[in-house]
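Visitor: Take a look at the following structure, please.
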Amino acid sequence: MQNTEKPVVSGENTKGETYYSPMVDIYETPQAVTVVADIPGVTRDGLDISLEDDILTIHGKMTCEIPEGRVLLQEYEAGHFMRRFTIAETIDQSSISANLDKGVLKIVLPKSAPAKPRKIEVQMT
Amino acid sequence: MPFIRFTERPVLRNPWAEFERIRKGLDELSRGYGDRSNWYNQTNVYPALNIYEQGDRLLVTAELPGIAATDLNISLESDTLSIQGKRDNMQTEEHVSYHRREIEAGSFSRSLALPVKINPDNVTASLQNGILTITLMKATEGKPRKIDIVAE
């Protein structure tokens, strides 16, 4: 997996909503590449993960409502989460799985089985 | 005698009003534009908190992804609220090699002085989708009280 982030090429959003780039961990094991992203406040319904042209897009829609009342202290703001990664061809794109727990998204990208080594016999004529 | 602060005097009678306005504007600028990444860089405080006042209660919220409720310890001592906890994201799998490591792990502790007196017997906390919400009821002396006007 190449971890090059593509800049968001699509046009600017018409709504004035804030987008944050979530913090991610990406690690690789012999079997799979795993992406872990912090997306607090995003429910399963608000999560949109898509794979298009080898680009994996994580989009967490802001669903938690901002509490009513007078703001006494504001150190963080709610917003959408969005991040994109380019997926290498060695990933088995059909069996990607994702799991959301306690505001942490975990996407497992299994590697496709390596091509079996083949011995080529040279035929004598 | 009415009590009027120097800066609240009518503009006509306050020759410094314009300077005061400029100073306030500069204060706004130095506070930044609510850029979160900027805030994170400026401070080393974790977690970031939002506090809302809703009539007779206070609502404290924090983004705490990946932290189990059992790893979180919230305590109230007079009017100081403390949030302690730890986040552990060590991988148990073998042969792990990291490409990126942006999520921080470890323990944290934050205490803050609450602006009003709190009823310590009536505090609830919930953790949902990585968002912690603490609801604190104000003590009776801190609750807003309506004062009746007696017509004579």
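Visitor: Within region B:73-102, count every residue that is among the hydrophobic types (A, V, I, L, M, F, W, C) and within 14 Å of chain A (Cβ to nearest Cβ).
Guide: Residues in region B:73-102 being among the hydrophobic types (A, V, I, L, M, F, W, C) and within 14 Å of chain A (Cβ to nearest Cβ): 4 in total.
Visitor: Still on this model: Can you find even one residue in region B:118-128 that is assigned to a loop (DSSP other than H, G, I, E, B) and among the hydroxyl-bearing types (S, T, Y)?
Guide: No, there is no match, as no residue in region B:118-128 is assigned to a loop (DSSP other than H, G, I, E, B) and among the hydroxyl-bearing types (S, T, Y).
Visitor: Looking at A:D101, A:D92, which is the one that is more than 9 Å from chain B (Cβ to nearest Cβ) and either surrounded by fewer than 16 Cβ atoms within 10 Å (Cβ to Cβ) or out of contact with any Phe, Trp or Tyr (no Cβ under 9 Å at 6 or more places or on another chain) (or both)?
Guide: Result of the check over A:D101, A:D92: A:D92.
Rundown of residues vs (1) at pLDDT below 85; (2) more than 9 Å from chain B (Cβ to nearest Cβ), yes/no style:
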{"residue": "A:A32", "(1), (2)": "no, yes"}
{"residue": "A:V42", "(1), (2)": "no, no"}
{"residue": "A:D45", "(1), (2)": "no, yes"}
{"residue": "A:S50", "(1), (2)": "no, yes"}
{"residue": "A:D53", "(1), (2)": "yes, yes"}
{"residue": "A:C64", "(1), (2)": "yes, no"}
{"residue": "A:E75", "(1), (2)": "yes, no"}
{"residue": "A:M82", "(1), (2)": "no, yes"}
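Visitor: A follow-up question, please. Taking B:N89, is it open to solvent by less than 80 Å² (accessible area, probe 1.4 Å), under 24 Å from A:E77 (Cβ atoms) and either not in a strand (DSSP E or B) or not β-branched (V, I, T) (or both)?
Guide: Against the criterion (open to solvent by less than 80 Å² (accessible area, probe 1.4 Å), under 24 Å from A:E77 (Cβ atoms) and either not in a strand (DSSP E or B) or not β-branched (V, I, T) (or both)), B:N89 does not qualify.
Visitor: Can I ask one more? If a residue must be in a loop (DSSP other than H, G, I, E, B) and open to solvent by 60 Å² or more (accessible area, probe 1.4 Å), how many such residues does region A:104-125 contain?
Guide: Residues flagged as in a loop (DSSP other than H, G, I, E, B) and open to solvent by 60 Å² or more (accessible area, probe 1.4 Å) within region A:104-125 amount to 13.
Visitor: Just name the residue that is farthest from B:Q128 (Cα to Cα) out of those in region B:72-86 that are in a strand (DSSP E or B) and of a type in the set (D, E, K, R).
Guide: Out of the qualifying residues, it is B:E77.
Visitor: When B:T80 is evaluated against the numbered criteria (1) touching an Asp or Glu at 6+ places or on another chain (Cβ under 8 Å); (2) of a type outside the set (A, V, I, L, M); (3) open to solvent by less than 80 Å² (accessible area, probe 1.4 Å), which criterion, by number, is the only one it fails?
Guide: Of (1) touching an Asp or Glu at 6+ places or on another chain (Cβ under 8 Å); (2) of a type outside the set (A, V, I, L, M); (3) open to solvent by less than 80 Å² (accessible area, probe 1.4 Å), only one is false for B:T80: (1).
Visitor: From (1) closer than 23 Å to A:D25 by Cα; (2) surrounded by 14 or more Cβ atoms within 10 Å (Cβ to Cβ), pick out the condition that doesn't hold for B:K138.
Guide: Of (1) closer than 23 Å to A:D25 by Cα; (2) surrounded by 14 or more Cβ atoms within 10 Å (Cβ to Cβ), only one is false for B:K138: (1).
Visitor: Next question. Return the pair list, or none, for Cβ contacts closer than 6 Å from residues in region B:95-109 that are touching a residue at least 12 places away in the same chain (Cβ under 8 Å) to residues that are basic (K, R), at least 6 apart or on different chains.
Guide: So the pair list comes out as B:A105/B:R87; B:S107/B:K86.
Visitor: If you don't mind, there's one more thing I want to ask. Could you tell me whether any residue of region A:64-71 is of a type in the set (D, E), exposed (fewer than 13 other Cβ atoms within 10 Å of the Cβ), within 23 Å of B:L59 (Cα to Cα) and over 15 Å from the mean Cα position of the chain (by Cα)?
Guide: So far as region A:64-71 goes, yes, one or more of its residues are of a type in the set (D, E), exposed (fewer than 13 other Cβ atoms within 10 Å of the Cβ), within 23 Å of B:L59 (Cα to Cα) and over 15 Å from the mean Cα position of the chain (by Cα).
Visitor: Sticking with this one: Quick one: would you say B:Y40 is within 14 Å of chain A (Cβ to nearest Cβ), at pLDDT below 80 and closer than 25 Å to B:L114 by Cα?
Guide: Taking the combined requirement at face value, the residue satisfies it.
The values are calculated or read from the model by the stated rules, or taken from the named source; none is laboratory data. What you see is a predicted model, and the numbers here were worked out from it, not measured in a lab. With ideal geometry, Cβ positions are generated from the backbone for all residues, glycine too; neighbour counts draw on all protein chains shown. Note: areas computed on protein heavy atoms with side chains; ligands, DNA, RNA excluded. Shrake-Rupley method; radii C 1.70, N 1.55, O 1.52, S 1.80 Å.
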